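Presented below is the structure to which this report refers.
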Amino acid sequence: MKKIIKSLILLFIILFSIFIYSYTKFEQQKFLNEDTEIVIKKSETFRSLSSKINGINDLYLRIYLKKNPPLFNLQAGKYKLSKNSSIIDIIKSLRTPINETDIQITFLEGWNIYDIDDYLAKKGLIKEGEFIKSAENYDMNLAAAFPFLDYAKTFEGFLYPDTYNINPNNFSVSGLINRMLNNFNIKVYDKLLSKYSAKEILDIITLASIVEKEEKNPLNKPVVAGILKKRLKEGWMIGADITVCYPHKLTSEECKMVVSKYINEKSSYNTRTMVGLPETPIGNPSFSTINSTINSEETPYYFYLHSKDGNIYYSKDNEGHEINKQKYLK
């Protein structure tokens, strides 16, 4: 009889351990292979998610909701859920339904606050300069809600590039900025940056904002980030042309036309004439670029350049860099 009891206890322990392991995996699991819209009906609760989203276990969902009761009421309506969302992300996405009169606005990776302002003004959503003013002179109460902003001077770098649904009849710049910061908090800070100090985060985002503009090919970004990190560490100037325009409050397109005009100008942004990072980020980088900046690739290279057809060429020293200039820029 004792052997049977011991066996049953052992079996219970094994089964319980398997259950705990499976539940832990559930909390970390990524759902949705693509951005998805779901509809919540008036009588439905958070538990209805198990029937709407493939892979969500009903028992595990009930346990999760018991442990982590949402601090808001679920409203009937249509909701947009992002690809590869965890159960935590999904619950957060259910705060506000999509308004049927909403329109979509898309901010591209690498855009700065001047690009965003120009885009919103052309859409007729703001007066020119309105977004810039709010992003540069940010609300301290809003900043206090996001720990990654403790060292930031503006919101530049933390306004997550993405597609947003907005209601043109109920649009406000402060509301949009809050959503963009919250999006950064969920998609970047929680997943990549929470272990770093606010000063380290600012440095990472500032460097990533340069990498975003310097290299478009995702495969090359870790190498470029590694080169720039090495130059910083060894006291070299970064030497990134793309940094020269920022003090002049130019959009990305405007900058392309006048880089040569400002290339030797001394400023707190021009990494061609100063050692160290620019005073603030120079744009808003993507998750991929921030990840590449954190997990950069070590190489023997110190230099790189892009040929006229957009290909990148690396070199170990200035002599090799000059040879590449003769080969690919003439």
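Before moving on, here are some points about what is shown:
- Residue count for region 102-123, restricted to those that are farther than 25 Å from Thr36 by Cα and surrounded by fewer than 15 Cβ atoms within 10 Å (Cβ to Cβ): 2.
- Meets criteria (out of contact with any Lys or Arg (no Cβ under 9 Å at 6 or more places or on another chain), among the small types (Gly, Ala, Ser) and either over 17 Å from Glu214 (Cα atoms) or assigned to a strand (DSSP E or B) (or both)) for Ser267: yes
Matching residues to (1) loosely packed, with under 13 Cβ neighbours inside 10 Å; (2) assigned by TED's automatic domain parsing to the domain that holds Asn167; (3) part of a helix (DSSP H, G or I):
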site: Leu61; (1), (2), (3): no, no, yes
site: Tyr64; (1), (2), (3): no, no, yes
site: Pro69; (1), (2), (3): yes, no, no
site: Phe72; (1), (2), (3): yes, no, no
site: Lys78; (1), (2), (3): no, no, no
site: Lys83; (1), (2), (3): yes, no, no
site: Ile88; (1), (2), (3): no, no, yes
site: Glu100; (1), (2), (3): yes, no, no
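- Test: residue in region 270-283 that is free of Cβ contacts under 8 Å to residues at least 12 places away in the same chain, basic (Lys, Arg) and assigned by TED's automatic domain parsing to the domain that holds Asp162: no
- Looking only at region 185-242, and only at residues there that are assigned to a loop (DSSP other than H, G, I, E, B) and acidic (Asp, Glu), the one that is nearest to Gln28 (Cα to Cα): Glu215
- The condition of being touching a residue at least 12 places away in the same chain (Cβ under 8 Å) and out of contact with any Phe, Trp or Tyr (no Cβ under 9 Å at 6 or more places or on another chain) holds for only one of Phe31, Phe19, that being Phe31.
- Residues being within 19 Å of Leu159 (Cα to Cα) and either part of a loop (DSSP other than H, G, I, E, B) or hydroxyl-bearing (Ser, Thr, Tyr) (or both) - total across region 243-264: 6
- Considering residues of region 61-97 that are free of Cβ contacts under 8 Å to residues at least 24 places away in the same chain and touching a Lys or Arg at 6+ places or on another chain (Cβ under 8 Å) only, the residue farthest from Lys25 (Cα to Cα): Phe72
- Spans of helices (runs of 4 or more DSSP H) in region 107-171 with at least 1 residues touching a Gly at 6+ places or on another chain (Cβ under 6 Å): none
The values are calculated or read from the model by the stated rules, or taken from the named source; none is laboratory data. The structure presented is a predicted model; accordingly, all values stated were derived computationally and were not measured. Positions of Cβ are generated from backbone atoms using ideal geometry, with glycine treated the same way; all protein chains shown enter the neighbour counts.
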